[in-house]
Amino acid sequence: ANWMFCLVRTDRLGRNQQGISFVLIDMNSPGIDVRPIVMSSGEHIQNQIFFDQVRVPLANVVGEVNDGWTVAKYLLEFERGGSAYAPALQANIDALYDHAAQTKSDVGLLIDDPLFMARLAEAEIEITALDALESEIMSALSSDRSVGADASMMKILGTELQQRVTELLIDAAGPYARAYQP
């Protein structure tokens, strides 16, 4: 990237959220040192960025000086609300129902296992609720209304449901879910 944004402390007075400014920084500015972080696999995905006496023009402040946390919160509404989890999760649930109707378990078919089916039904109910929340957020965004904390709630619900559905998929796969160890 040739530009980055930073939240920088510009005033120490007031609460922690105050006195932070949101600035845009040209990566070609004198005093910026970018060093790669190489993972144990040899991949270079992230960098360390060091600042030594970097000067940023006042024109590069987004919003007001000392009010950068407000800008960041606004942007986070879109970052957190940028995905719709429910459709893919529902597709996995539908596949699990089909799989359960054909797969043998300790009680016969997996679809006859009351514990597994209760977990599957609970996940499906929560996915339906998540879908409603996602629709509400998309409606708010399309009419230029703030989504506020709903976006954060959706992100948490979506990722937790992804984990729960993945656990159901692993349980349904039985011994086939084991890692291959040659």
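Projected over all directions and averaged, the alpha-carbon convex hull of segment 77-182 occupies 8.0 nm². Close amide H contacts of G148 (hydrogens built in the peptide plane, cut-off under 5 Å, sequence separation of 5 or more or a different chain): none are found. Projecting the Cα atoms of L169, S146, A95 onto the charge dipole of the chain (Cβ charges, centred on the Cα centre) puts S146 farthest toward the positive pole. Annotation: Cα Rg of the chain relative to the compact-globule expectation 2.2 N^0.38 Å equals 1.48.
Cα centroids of segment 84-111 and segment 32-76: 44 Å apart. Neighbours of L58 by Cβ distance under 15 Å: Lys/Arg scored +1, Asp/Glu scored -1, total -3. Fully extending the segment from A95 to S40, taken as 0.36 nm per residue of separation minus the present Cα-Cα distance, adds 16.2 nm. At full extension, S143 and A59 could sit 27.2 nm farther apart than now, given 0.36 nm per residue minus the alpha carbon distance. Roughly to the nearest percent, how much of the accessible area of segment 1-46 is carbon and sulfur, given a 1.4 Å probe? Percent of accessible area from carbon and sulfur atoms in segment 1-46: 52. In summary, no helical segment of the chain meets the span-like criteria, namely a full DSSP H run, a Cα extent along the axis of 30 angstrom or more and a mean Kyte-Doolittle hydropathy of at least 1.6.
The values are calculated or read from the model by the stated rules, or taken from the named source; none is laboratory data. Because the structure is predicted, anything quoted here is derived from the model rather than measured. Glycine gets a Cβ as well: all are built from the backbone with ideal geometry, and neighbour counts include every protein chain shown. In case anyone asks, the SASA skips ligands and DNA or RNA and just uses the protein heavy atoms, side chains included. Shrake-Rupley method; radii C 1.70, N 1.55, O 1.52, S 1.80 Å.
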